[in-house]
1. When only residues in region 94-115 that are in a loop (DSSP other than H, G, I, E, B) and crowded, with 20+ Cβ neighbours inside 10 Å count, which is nearest to ligand 1 (Cβ to nearest atom)?
2. Residues Ile282, Ile323, Ile274: which one is of a type outside the set (S, T, N, Q) and in contact (Cβ under 8 Å) with a residue 60 or more places away in the chain?
3. Would you tally the residues in region 137-164 being surrounded by 24 or more Cβ atoms within 10 Å (Cβ to Cβ) and either among the small types (Gly, Ala, Ser) or more than 22 Å from Gly190 (Cβ to Cβ) (or both)?
4. Out of the helices (runs of 4 or more DSSP H) lying entirely within region 153-245, which hold 2 or more residues that are within 16 Å of ligand 2 (Cβ to nearest atom)?
5. Does region 325-344 hold any residues that are surrounded by fewer than 14 Cβ atoms within 10 Å (Cβ to Cβ) and polar (S, T, N, Q), and which are they?
6. Tell me whether region 71-89 contains one or more residues that are under 22 Å from the mean Cα position of the chain (by Cα) and outside any strand (DSSP E or B).
7. Only residues that are closer than 14 Å to Gly88 by Cβ, within 16 Å of ligand 2 (Cβ to nearest atom) and assigned to a loop (DSSP other than H, G, I, E, B): list them for region 116-149, please.
8. Can you give me the number of residues within region 15-57 that are closer than 30 Å to Asp272 by Cβ, touching a residue at least 12 places away in the same chain (Cβ under 8 Å) and not in a strand (DSSP E or B)?
Amino acid sequence: MTTVAAYAAPAAKAPLERTTIERRAVREHDVLIDIKFAGICHSDIHQVREGWGEAIFPMVPGHEIAGVVSEVGPGVTRFKVGDRVGVGCMVDSCRECEMCRAGKEQYCLNGQTPTYNGIGRDGEPTYGGYSEKVVVDENFVVRIPDGIALDVAAPLLCAGITLYSPLKRFGAGPGRKVAVVGMGGLGHMGVKIAHAMGAEVTVLSQSLRKKDDGLRLGADHYYATSDPKTFEELRGSFDLIVSTVSAPLDFAAYLSLLKPEGTLANVGAPEDPISLNLFSLIGGGRSLAGSMIGGIAETQETLDFCAEHGIGAEIELIAASEINEAYERVENSDVRYRFVIDTATI
Ligand SMILES: [Zn+2]
Ligand SMILES: [Zn+2]
């Protein structure tokens, strides 16, 4: 075991504070990673505040981890000391079920092991990236290509793959019209990735406040959803809409923006159930879909794609002492577009 410094929430809704945690000794297939940067994902805040139900405390959040390998177990074949690597939202899965065998570990039928706020298959609690080091099985570690700096790569491990996966699955590409709903940590990655895939990209945001950024990051069009004329003008326009928002949406209104046989894919989850007249799907043969992060192979593919296209996240780099303030700002949508913690400051 190694004692490492970390930032943890000692109890639900409590501010994060500096502490120490134990990391397991490196096992046969483990790599020890010196964490350099950790992104702050909105889901970190949800879990610290128990917005998604009972959680495990103390909690060290962080599932957008970028660092460098500093030790490898004797059975490790994919990594060596000095490699630049990342860890995303999961650190293990059953590896045997239909989903795991298909490389879709995020949907493991026996439950994937989350990077933090989870219990590992060894019975020990998992702790995330707001810390100096982490030990992870090599099969749940991805390579960060040399073309991307580690700080802007960190958010690709959750925000990046979360958008890449549905954009690819539902065919974003040349000749296809794609809308991204919400221009935050997730949405701005959607704009960059959909643009790089060759799609014609529209941002649907509450206001035009971030329009200049949206166009600069690759959007072709930018509309305010607070303006009712937007929904009239864009009726039947899109092959694919990816919604990143967790605020309640008028789903029927958004479905009306799809072409026949178009898809509205959700990666954000409103807390309350929705009520929907299914004629908004039936008329036009439209689909309402969901998507959660991506498998390990697809996460590697995301990083390779982003490196090839020169894509990183837009970030605000902060010291660990600023985490609590950053949480407040994320809740007020006051970040452009992802906070990343410089873990050297822990
Ligand atoms: Zn996340
Ligand atoms: Zn499985």
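The values are calculated or read from the model by the stated rules, or taken from the named source; none is laboratory data. Here the structure is a predicted model, which is why all the values come from computation and not from measurement. All Cβ positions, glycine included, derive from the backbone under ideal geometry; neighbour counts span all protein chains shown.
1. Here the answer is Thr115.
2. Numbers: Ile282 fails: in contact (Cβ under 8 Å) with a residue 60 or more places away in the chain; Ile274 fails: in contact (Cβ under 8 Å) with a residue 60 or more places away in the chain.
Result: Ile323 is the single residue among Ile282, Ile323, Ile274 that is of a type outside the set (S, T, N, Q) and in contact (Cβ under 8 Å) with a residue 60 or more places away in the chain.
3. 5
4. none
5. Asn332
6. Yes, region 71-89 contains a residue that is under 22 Å from the mean Cα position of the chain (by Cα) and outside any strand (DSSP E or B).
7. Gly118
8. Residues that pass the stated criteria total 16.
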